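Report on the structure given below.
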Amino acid sequence: MLSPQELERYARHIVLHEIGGPGQQALKRARVLVVGAGGLGAPALLYLAAAGVGTLGVIDDDAVALSNLQRQVIHGTPEIGEPKVESAATAIRRLNPHVTVETHAARLAAANALALIAGYDVVADGSDNFATRYLVTTLRAHERKADGTPNPTYRCLFPEPPPPGTVPACAEAGILGALTGVLGSLMALEVIREIVGFGEGLVGRLLMFDARAMRFETLQYAWDPSNPLSGEHPTIKDLSPDA
């Protein structure tokens with residue numbers, strides 16, 4: 001049940017037809033793992049905490065740096081040098097003491113992915129590397145559509161990662177801080193929508209945002225029978241780095 005303090009805190013959610021009391025209680029019961037406490041994970045964690053997600057896990061092996069603060073809004077100047085998971089946990093507890101925070105000061109890898117993810121209902125991927133993206137998914141790829149067709153996986157869009165060095169990192173290409181805030185907030189919204197169960201999700205849809213033109217576009221994509229992970233003749237059998 002929600003305490004009187006929680007009822008007041010989440011009053012603007014509870015009056016929404018899409019959420020209401022049952023939806024807010026579902027958020028309180030939920031366990032969400034956010035991969036990365038950086039540009040995407042920072043706003044996602046803040047909004048998920050503010051929304052009342054009962055347990056937030058955060059995994060990151062990095063420390064707060066001065067160059068992070070232009071976009072990673074969950075951290076502050078006094079936290080420079082501190083592990084990001086600890087800095088994020090402090091900010092979450094300050095924002096909402098009703099949220100339990102579980103910190104994992106590590107990098108998500110093949111050796112620990114299954115054990116870590118098993119304890120959570122939803123995984124939100126705020127990573128910045130393709131190796132991690134191929135390990136986790138928020139696409140509900142384990143489910144099937146009404147016609148029996150599997151939901152698509154990340155590898156239905158991108159069967160293989162790009163060659164090393166072809167996609168520059170933020171430190172090389174730069175990144176607009178507010179842009180990560182927009183996308184991280186959208187991540188949080190999608191997680192909340194998945195937990196509560198309202199509206200139309202992004203399974204089978206790729207949402208793209210052009211910040212220069214202030215334009216959103218959505219592309220449809222489907223399960224690829226030839227994809228190497230969940231196709232008709234899969235070649236990927238485990239989480240090994242070479243998979």
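The values are calculated or read from the model by the stated rules, or taken from the named source; none is laboratory data. Keep in mind that what you see is a predicted model, and the values were worked out from it rather than measured. Because the Cβ atoms are built from the backbone with ideal geometry, glycine has one as well, and the counts that use them run over all protein chains shown. Remember, those area values only see protein heavy atoms, side chains included, never the ligands or the DNA or RNA. Shrake-Rupley method; radii C 1.70, N 1.55, O 1.52, S 1.80 Å.
General observations
- Per residue, the chain exposes 55 Å² of solvent-accessible protein surface, assessed with a 1.4 angstrom probe and all protein chains in place.
- Computed helical MRE - 222 nm, the chain, DSSP H runs ≥ 4 contributing -39500 (n - 2.57), nearest 500: -9000 deg cm²/dmol
- Rounded FRET efficiency, nearest 0.05, which uses the C-beta distance separating residue 207 from residue 237 and R0 of 22 Å: 0.10
- For the chain, the share of DSSP beta bridges that are antiparallel, to the nearest 5, is 35%.
- Summed residue charge, Cβ within 14 Å of residue 107's Cβ, Lys/Arg positive, Asp/Glu negative: -3
- Full-stretch length increase - residue 130, residue 166 - with 0.36 nm per residue and alpha-carbon distance subtracted: 11.8 nm
- Once the Cα-Cα distance is subtracted from the 0.36 nm per residue extended length, the residue 102 to residue 61 segment shows a gain of 13.4 nm.
- Of all accessible heavy-atom area on the range 1-148, the percent that carbon and sulfur account for (1.4 Å): 55 percent
- R0 of 22 Å, Cβ-Cβ distance residue 115-residue 193: FRET efficiency to nearest 0.05: 0.20
- Per-residue 3J(HN,Hα) values for the range 9-14, derived from phi via the Karplus relation 6.51 cos²θ - 1.76 cosθ + 1.60 with θ = phi - 60°, read 4, 9, 4, 6, 6, 5 Hz in sequence order (x marks Gly and Pro).
- When +1 charges are put on Lys and Arg Cβ atoms and -1 charges on Asp and Glu Cβ atoms, the dipole computed for the chain relative to its Cα centre reaches about 500 debye.
- Radius 14 Å from Cβ of residue 6, net charge of other residues (Lys, Arg +1; Asp, Glu -1): +3
- Toward the positive end of the charge dipole of the range 186-243, with +1 on the Cβ of Lys and Arg and -1 on the Cβ of Asp and Glu, the farthest Cα among 196, 236, 186 is that of 186.
- Remark on residue 69: its backbone amide H falls under 5 Å from none of the residues 5 or more positions apart or on other chains, H modelled at 1.01 Å from N.
- Gain on full extension, evaluated as 0.36 nm per residue between residue 3 and residue 31 minus their Cα-Cα distance, stands at 8.2 nm.
- Packing-based order for 62-69, 26-33, using average beta carbon neighbours within 10 Å, highest first: 26-33, 62-69
- Helical segments meeting 18 Å axial Cα length and Kyte-Doolittle 0.5 threshold in the chain (DSSP H): 177-196
- Summing charges over neighbours of residue 193, with a neighbour being any other residue whose Cβ is under 11 Å away from its Cβ, gives -4 when K and R count +1 and D and E count -1.
- Inter-label distance for residue 218 and residue 158, nm, one decimal - labels placed 7 Å from Cα along Cα-to-Cβ: 2.2 nm
- The residue 185 and residue 147 beta-carbon pair, evaluated with R₀ = 25 Å, returns a calculated FRET efficiency of approximately 0.15.
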